[in-house]
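Before any comments, here is the structure.
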Amino acid sequence: MPAWREQALIAAPVGAVWELVGDPARYPEWAGNVVSVTGLAELAEAETFEQVTRMPLSGDQTTIFEVEKLDDLHEIRLRCQSSGYYSHWVLTPAQAATFAEVEIGVEPTAAQHRLYFGVLGKRFMRRVAVDAIDGVRRRLGPGEPAD
């Protein structure tokens, strides 16, 4: 199924990048397709939250996401419990900057999700990954280098 991995250097310390990437409640500030996040009492593995996501062809969808993997200041992996859509961020300090690797993809949980994401394809996953990195850069302010 479609997935895309994108790497980038973000001109901000890892702590500043992590404040955005490591807190799903802040995703509406920089992730263009995330409308809202609610219900995350504590950021920890196996915790769930509700996310409203703007999706092509189907409009806004409310789904439950789970924090599958969490390593403070380094890695977060989130998965939609209904579709299998996931995002996975790995951050590495790079002097005063941050090397970010993001993977966006889907491991469908049902035939209709396999069809839906199959139609959207790898091009959609690439756009989401690139837009996410650009959104973090915009939120952190001017001066971030373009890759």
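Where a number appears in this text, it was derived from the coordinates with a stated rule and is not lab data. These numbers were taken from a predicted model, which means no experiment stands behind them. Methodologically, a virtual Cβ is constructed for each residue, glycine included, from the backbone with ideal geometry; neighbour enumeration extends over all protein chains shown.
Segment V52..D134, full-extension length gain: 27.5 nm, with 0.36 nm per residue of separation and the alpha-carbon distance subtracted. When both segment 59-82 and segment 40-56 are represented by their alpha-carbon centers, they are found 6 Å apart. Each of G32, A96, L73 was placed along the dipole of the chain (beta-carbon charges, centred on the mean Cα), and the one lying farthest toward the positive end is G32. Computed from backbone phi with θ = phi - 60° and the Karplus coefficients 6.51, -1.76 and 1.60, the 3J(HN,Hα) list for segment 35-49 is 8, 7, 9, 9, x, 9, 6, 9, 7, 7, 4, 6, 6, 10, 8 Hz; x is used for glycine and proline. Annotation: amide H-H contacts under 5 Å for G84 (H modelled 1.01 Å from N, sequence separation of 5 or more, or interchain): T109. Between T62 and E101, the modelled labels are 3.7 nm apart [label points 7 Å from Cα along Cα→Cβ]. Considering only alpha-carbon pairs that sit under 8 angstrom and 6 or more positions apart, the relative contact order computed for the chain is 32 percent. Between D71 and A94, the modelled labels are 1.8 nm apart [label points 7 Å from Cα along Cα→Cβ]. Grouping the Cα pair distances of the chain into 10 Å bins from zero gives a pair-distance distribution of 12, 44, 34, 9, 0 percent in increasing distance order.
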